[in-house]
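To start, I am sharing the structure in question, which I have written as C-alpha cells.
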Amino acid sequence: MGEPNLFAWILLVFGMITLLPLIAAQTVLLRDPESRRAKDLIIGKGREWTNSTHRKSAIAFAWSDILLVLPLFIIGSTAVLSGASWGYLLWIALGFICVYFSITFWVMERANSVKYHGWFAYLTYYWGFFLYWGVGVIIYSFLQLSNMIF
Amino acid sequence: MFGTPANEMIKNRNQNQKIKVSLGIAFTALSLISLGWIMQAYSIFDWESAFELGLQQGTFEGSELESLIARKEKGEAMADLILPLPLTILAFVGLVGRKFYGWLAAMMVFSICIYFPLFYLFQQLGSDIQVALFAIVMWAIPSMIGIVALWSIRNHYFQYG
C-alpha cells in the first residue's frame, strides 16, 4: 500500500526547501540567541529582539521544531519513500503541526513580518511555504492512505 | 482442532476488550484536550475576563509587554479554534462510529497537543513553568498515551477504514 510516486518526491524536495533552512537558522539561534547572525536569520537583518518574551518564544519554537518537527520529517520521509503506510501518518501529523503554527504566526507576527519583509516574502518562504507544504502533505498522504491516488 | 472455536472466541473477546480500553483512553485524552479548547473559545469571546480568571497570561489593556504576550496567546487561541477543535469533534464522532477518519483525526489532535506543551515548556524554562507543567499533564502526557492506545488497535481501523 502507498508506494511513493512523483508527488511524494515533489513534496519531499519542497519540504526540505521549506523546513531545513528554518531548522538550520534555529540551530544558529540556539547556539547563541544574542549573536548578530542568529537575529539576522530569525527576525531580520539589523533587527533586535522586541523583549525577552520575543526571544524566549523564538527559542521555544526552535527547541520544539528540532525535537519534534525534524524527527517527524526525517523518519516520516524515510518511511514514505520505503512505502510504509505509517510514514504517511507521520507526514499528516507534521502537516497538521505546520498548519497549526502557520495560523498562530498569521495572528501573532503577520503585521511585523509584512512590514519588514514584504508580502511576497511573507506569502512564500517566510510563512506561506509552511502552510502550503502542510496542506499538501495532508491531502497527498490522506489520499495515499485511502488508496485513492490515481 | 476441537479447541479452535473456543480459542477464537477468547481471542475475539480479548480483542474487543483491548479496543474498548484503547478507546476509553483515547476518549479520556480527547475530553481533557477539549477543556483546553473550551478555555480558548471563552478567551476569544471575552479576552479580558479570561485574563482575570487566569486562563490567559497577557492582557491587551496592560503594558507593551503584556500586550505582546496577549497577541501571541490570541494567535494560539485562534489556531486552536480553527484547526484542533474541529479535528477533535471529528475524532469524537469518528471514534464513536469506529471509522478510520476518527482514528486519524484523534492521532492528529494528539500530535498537535504534544507540540504546543513542548513549546510552552521551553518558553517558560527558567521562569514560571506552572503553565507549561499544566499543559504537559493535561494534554501532552494524555496525548502520548492516546497515541500508543490508538496505535495498538490500528489494525481494526485500517481493516474497516
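What's the whole-number percent of alpha carbon pairs in segment A:10-150 lying beyond 26 angstrom? It would help to have the intermediate numbers written out before the result.
Numbers: 2566 of 9870 pairs.
It works out to 26 percent of all Cα pairs.
Another question, then. Can you give me the Cα centroid spacing of segment A:2-20 and segment B:22-76 in angstrom?
Distance between centres, Cα-based: 35 Å.
So what J values fall out for segment B:60-75 if you push phi through Karplus, 6.51 cos²θ - 1.76 cosθ + 1.60 with θ = phi - 60°, rounded to Hz, Gly and Pro as x?
Calculated HN-Hα couplings, in order: 7, 9, x, 5, 4, 5, 5, 5, 5, 4, 4, 5, 5, 5, 5, x Hz.
At 7 Å along the Cα-to-beta-carbon direction for both B:Gln57 and B:Arg13, put a label point, then send me their distance in nm to one decimal.
5.2 nm
I would also like to ask the following. Divide, for the protein assembly as shown, the radius of gyration over alpha carbons by 2.2 N^0.38 Å, where N is the residue count.
Details: Rg = 21.0 Å, N = 311, 2.2 N^0.38 = 19.5 Å.
For the protein assembly as shown, the normalised Cα radius of gyration is 1.08.
On to the next question. Past the 24 Å Cα-Cα mark, which pairs from B:Lys11/B:Lys99; B:Lys74/B:Lys99; A:Lys56/A:Lys115? Show your work: numbers first, answer last.
On the way: B:Lys11/B:Lys99 22 Å; B:Lys74/B:Lys99 33 Å; A:Lys56/A:Lys115 22 Å.
Among B:Lys11/B:Lys99; B:Lys74/B:Lys99; A:Lys56/A:Lys115, the Cα-Cα distance tops 24 Å for B:Lys74/B:Lys99.
Which percent of Cα pairs goes in each bin when the distances of segment A:79-150 are cut into 5 angstrom slices starting at zero?
4, 17, 22, 19, 12, 11, 8, 6, 2
Return B:Met78, B:Met9, B:Met107 ranked ascending by Cβ neighbour count within 10 Å, so the fewest neighbours appear first. Walk me through the numbers before you get to the answer.
Details: B:Met78 18, B:Met9 10, B:Met107 24.
With the fewest neighbours first, B:Met78, B:Met9, B:Met107 line up as B:Met9, B:Met78, B:Met107.
Taking the Cα centre of segment B:4-160 as origin and charging only Cβ (+1 Lys, Arg; -1 Asp, Glu), how large is the dipole, in debye to the nearest 20? Write down the numbers at each step before the final one.
Details: 10 positive and 11 negative charges, 268 e Å.
Once rounded to the nearest 20, the dipole reads 1280 debye.
With no solvent and one equal point scatterer per Cα, compute the Debye intensity ratio I(q)/I(0) for segment B:4-160 at 0.11 Å⁻¹ and report its log10, rounded to two decimals.
-0.51
Return B:Met138, B:Met108 ranked ascending by Cβ neighbour count within 10 Å, so the fewest neighbours appear first.
B:Met138, B:Met108
Moving to a separate point now. If I fit a long axis through the Cα atoms of helix A:70-81 and take the longest principal axis of the Cα atoms of chain A, what angle between them do I get, 0 to 90°, rounded to 10?
Relative to chain A, helix A:70-81 is tipped by roughly 20 degrees.
Another one. Per-residue HN-Hα couplings for segment A:56-62, Karplus 6.51 cos²θ - 1.76 cosθ + 1.60 at θ = phi - 60°, whole Hz, x for Gly and Pro?
Per residue, the Karplus-derived 3J(HN,Hα) values read 5, 5, 4, 5, 5, 4, 4 Hz.
Quick note: the coordinates plus some simple rules give every number you see, no bench work behind them. Source: prediction; values computed, not measured. Virtual Cβ from ideal backbone geometry, glycine too; neighbours counted across all protein chains shown.
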